[in-house]
Structures are given as structure tokens and as C-alpha cells.
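K.L.:
Please read through the structure below; I'll follow up with questions.
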Amino acid sequence: MQLPYQIFDDFKSIIRTRLRLLAGDATLAKEEGKAGNTLAAHPLLATLSEAELHILLLALLPQVAPDFLNNAILEAFPGGGDLPLLGGVKGESHRGLLPTGETALAIFAGENLEDRLLLQQLLQPDERLAREGLLFLETVREGEPPMSGRLIIPQHMADFLLLGRESAPRFSPGFPAKQVTTAMNWEDAVLAPATRAQIADMGAWLEHQHKIAADENLARKVKPGYRVLFYGPPGTGKTLTAALLGKQYQKEVYRIDLSQIVSKYIGETEKNLEAVFRRAERKDWILFFDEADALFGKRTNVQSAHDKYANQEVSYLLQRVEDYTGLLILASNFKNNLDDAFVRRFHAIVHFPPPNVQERLLLWQKSLPASLPLDAAVDISELADRYELTGAGILNAVHYAVLQAYEQKATGLSQPALMAGIRKEFLKEERVV
Ligand SMILES: Nc1ncnc2c1ncn2[C@@H]1O[C@H](COP(=O)(O)OP(=O)(O)OP(=O)(O)O)[C@@H](O)[C@H]1O
Ligand SMILES: [Mg+2]
């Protein structure tokens, strides 16, 4: 479904009229009734009130007609000037005016206080526009009126309205999450029995949560959402497990690397993550926060202004993590790096230990290529026994050995090739074979 372009022609005439009214042009009667009807008739937007629709179209306008707002304002106010009533900010790369909450208020409510407050209400975060992920108001610096924030339509939603298809969210500073998928299956994963049992519990939640939500007694008492901490050394299958859960229960998994997004620009992190949480909640994603210690590490004393903001961000995230209604996984290499108060809020704490000898043997067996036989001289149970590698390490070692074999036009995987792969893995961790 896609908005017909003629909607914007009608809408432009509404805005022109409104602006001229605002400028005191008494010759104009309110004549936009006709256009208003065409807009609301569009099925996609049928549930929105006229006021909501107007705000939405206003926010879309810079993407459809970049010069329209500036020109229309100049037309109505030929004298120009600062016109603070009209709000709006200049973009960094967009050269036209970007409408803010104030712009919407001025155009659609003028100076009538009652109307302004009604419109202002529609822009609150718990109202339909924001709740349904259609549009929200940019958060502004403390002390600035909230209505001076830009009207933001998430880009995938704008694409849906303008191009007729919802785009997959793109990884960007404004949307710091990436989808995680895997071609592997549960049979490929080698996990300790205790780990596996806890993952089964997570599966039970994914499978039956809706029944809890529908139970009139439990629904009141049990908060929606399930929070789990994964901890263990690199390469033990934490990300893999998250991806496999998503695959099994047909939910998209999105990974947010906290070490990457704790922003140089203090205060930005919060705003960017908010976009991810909103979308995730609407789509019932599994959220996977990697490198959780970057943000949820043991809290330090507040020293600099930067720390103060960092702590604010932590408080925001703690709250958001607790309120998330779906499955949320945090991953860390060390449990002890995490704040205790924080750890207590998890439903489960799942350890991914380095694999033991038997698990390593299974990992070796499952990692071998299907099309290249093992030389008769190779004893993988000895390799499993002698070299303490993780699942990722074993796979990497085999991968390296296989490439060596192809390079050397060998007919099988040899002991020296495998040893070279193992040595390479040990070197990465500055260990010696
Ligand atoms: N337990 C395992 N069973 C089977 N394969 C594994 C296992 N652990 C790791 N692997 C292999 O190694 C790859 C990388 O592992 P993964 O990314 O899941 O590790 P991780 O625990 O998330 O590590 P990090 O802490 O570095 O993020 C997996 O895609 C898989 O191919
Ligand atoms: Mg990982």
C-alpha cells in the first residue's frame, strides 16, 4: 500500500491556507474540508484522526517536497523574520526547513491555546502515533520545550508510506542493530548439558508466554518479557545460540554491540537505542546485547561530566531492559564484570563454559569437511584431548587446514595442516602449542 501523490497536493493547499490564516489573511475562510476528506479516505490511514494525519503528512513533507515549507512560509509572511511561532529547524544536509512539534502546532492550531494543547497531547509518547511507531517527537536537551523537537518518522515507516513497502532496518548510527541469522541447526551446536537445559527453559518461555499473558490472574502479576544473561569466553556459542533460538521460534534476532555504540556523543546512545527498542517491541524481536560489560560494567564513581551522562544512559537502559516485552539476551565474557544489582534482574543466567574433552571431540567431528577425507594418520581424539580450543577455535583451525589442503592439492586433511590451524588459533590468544 502506498500513499497516492495527489494526497500531498491536497495537503499542500491545506498548509498554504493555514499559513495565510496564521499571517492574518482575513479573506480566507476555512476551505480545506474537501482535501481533508480525500486524505482520511485512504485505507492505510483510515484509523487516524484528521489531526493525526495532518501531523504525519507534515513530517513526511520534507521528503516529498524539500522546498515547500520554506516557500509557503515566505508566501504567507513576505516580510520574513525570525517567526519563532513556526518552529522548525534546519537540517545538516537537508537545506529546507524540518518541521518540529511547534511547526505542527502553529500550522494546525495557530495561537489558540486550547487547540495547541490538544495537538500537543497527540504527540505524547503514549499516544497512538508514537505507540504504533508512526511518528515520534525527537527528544530535546533538558530545558528546551519538548515541542521544539523534530517530528520523526522512522525511515522504514516513511518508506512504507511513500514507496509502498516497509524496508528492512539498516544498520546506522541512528539504528545501531544488525540482524543475526545462522545456517546452522541445533544438531550442529555442542553445548554442556546444563547450558542446554537452560536454553530449553528459554524455549519454553517463547512457546508459552502468550498463555501467561492470557491468564487473568498471572497476567496482572507476571511482568511480560524474559531477560537472560549469557556469559562465557569468546567463541563458545553465545551468538550462535541466540540465532538458533530465533530460527526455531521464527523470530528475528537483532544484535546490538554495546561496545560500539556507547557514543562519543553523550546523550545520543539513548536516542538511538530507543528507535531499536520501539521497533523490536512492535515486531517481537529477540534482542541480543553483545559486550554488555561496556555499559553495564560495575559502576564507577561519578567523576567527569561524561561519566555522569554515561550513568544516565545506564539508568535509561536498565529501565528499558526491564520493560522490554520480548526475549532479551545480554552477553558478556565475564559475569563478574557486571553490576550485581543488574544481574539480579535476570530470569536466567546461562554459562557457556569452554568445551571439555568430550565436547571438543564432538566439535572436531562436526567441523570436518564433508568432501575432504581425514588422513589415516590423524587422530582427532588426540587433538581434542591435547588442545583446549573453543567451538569457534576448532572450526577456524579446520577451515585453515582445509584451505591449506586445497592449496597443496592434497587428497585429504593432514596432521601438519591441522596443526598449522591449531597453532594459528593459539597464537591469536598468545598461547603456545
Ligand atoms: N558450542 C558450539 N557448538 C558448535 N559450534 C560452535 C560453538 N561455539 C562456537 N561455535 C562456532 O563458532 C562460531 C562463533 O561462535 P559464537 O559467535 O556463537 O561465539 P560467542 O560465544 O558469541 O563469542 P563472542 O564472545 O566472541 O561473541 C559459531 O558460529 C559456530 O560456528
Ligand atoms: Mg558473540
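K.L.:
Students often get this wrong, so check it: of Lys251/Lys428; Lys238/Lys424; Lys271/Lys366; Lys90/Lys178; Lys221/Lys335, which have C-alpha atoms separated by over 32 Å?
P.N.:
In this structure, Lys251/Lys428; Lys271/Lys366 lie more than 32 Å apart at Cα.
K.L.:
Given the peptides 381-390, 100-109, arrange them by the average over their residues of other C-beta atoms within 10 Å, most packed first.
P.N.:
100-109, 381-390
K.L.:
Moving to a separate point now. Please give the direction-averaged projected area of the C-alpha convex hull for region 178-351, in square nanometres with one decimal.
P.N.:
Mean shadow area of the hull around the Cα atoms is 10.4 nm².
K.L.:
Ordered by residue, what ³J(HN,Hα) values in Hz, to whole numbers, does region 340-345 give under the Karplus form 6.51 cos²θ - 1.76 cosθ + 1.60, where θ = phi - 60° and Gly and Pro are x?
P.N.:
4, 4, 6, 4, 4, 7
K.L.:
Moving to a separate point now. How would you order 413-419, 218-224 from highest to lowest mean count of nearby Cβ atoms within 10 Å?
P.N.:
The densest-packed peptide leads the list: 413-419, 218-224.
K.L.:
Could you give log10 I(q)/I(0) at q = 0.20 Å⁻¹ for region 308-433, computed by the Debye formula over C-alpha point scatterers of equal weight, without solvent?
P.N.:
Rounded to two decimals, the profile gives -1.05.
K.L.:
Report D for the chain in µm² per second (integer): Stokes-Einstein, Kirkwood Rh on Cα pairs, 37 °C, 0.692 mPa s.
P.N.:
128
K.L.:
Another question, then. Could you list which residues have their amide H under 5 Å from that of Leu327, counting only those 5 or more apart in sequence or on another chain, with H placed in the peptide plane?
P.N.:
Here Tyr226, Leu287 satisfy the definition.
K.L.:
Still on this model: In a Debye calculation with equal point scatterers on the alpha-carbon sites of region 6-163 and no solvent, what is log10 I(q)/I(0) at q = 0.12, 0.18 Å⁻¹?
P.N.:
Results for region 6-163 at q = 0.12, 0.18 Å⁻¹ read -0.48, -1.19.
K.L.:
Each residue of region 393-401 in order: what ³J(HN,Hα) in whole Hz does its phi give by Karplus 6.51 cos²θ - 1.76 cosθ + 1.60, θ = phi - 60°, with x for Gly and Pro?
P.N.:
Calculated HN-Hα couplings, in order: x, 5, 4, 4, 5, 5, 3, 4, 4 Hz.
K.L.:
Here is a further query. Non-local amide H neighbours of Val89 (under 5 Å, H modeled in plane, Pro and chain starts lacking H): which ones?
P.N.:
Placed amide hydrogens put Leu98, Thr100 under 5 Å from Val89.
K.L.:
Please sort 226-233, 80-87, 139-146 by packing, taking for each peptide the average over its residues of neighbouring beta carbons within 10 angstrom, highest first.
P.N.:
Packing order, densest peptide first, comes out as 226-233, 80-87, 139-146.
K.L.:
Under the Karplus relation 6.51 cos²θ - 1.76 cosθ + 1.60, θ = phi - 60°, what is the ordered set of whole-Hz ³J(HN,Hα) values for region 83-88, x standing for Gly and Pro?
P.N.:
After applying 6.51 cos²θ - 1.76 cosθ + 1.60, I find 6, x, 3, 7, x, x Hz.
K.L.:
Given the -39500 (n - 2.57) contribution per DSSP H run of 4+ residues, what per-residue ellipticity at 222 nm results for the chain, rounded to the nearest 500 deg cm²/dmol?
P.N.:
-15000 deg cm²/dmol
K.L.:
Starting from the amide H of Gln179, placed 1.01 Å from N in the peptide plane, find each other amide H under 5 Å away whose residue is 5 or more places distant or on another chain.
P.N.:
So Gln179 has HN proximity to Arg255.
Read-outs: derived from the displayed coordinates by stated rules, not from any lab. Please read all numbers here as calculations on a predicted model, not as lab measurements. Please note: Cβ atoms are built from the backbone with ideal geometry, for glycine as well, and neighbour counts cover all protein chains shown.
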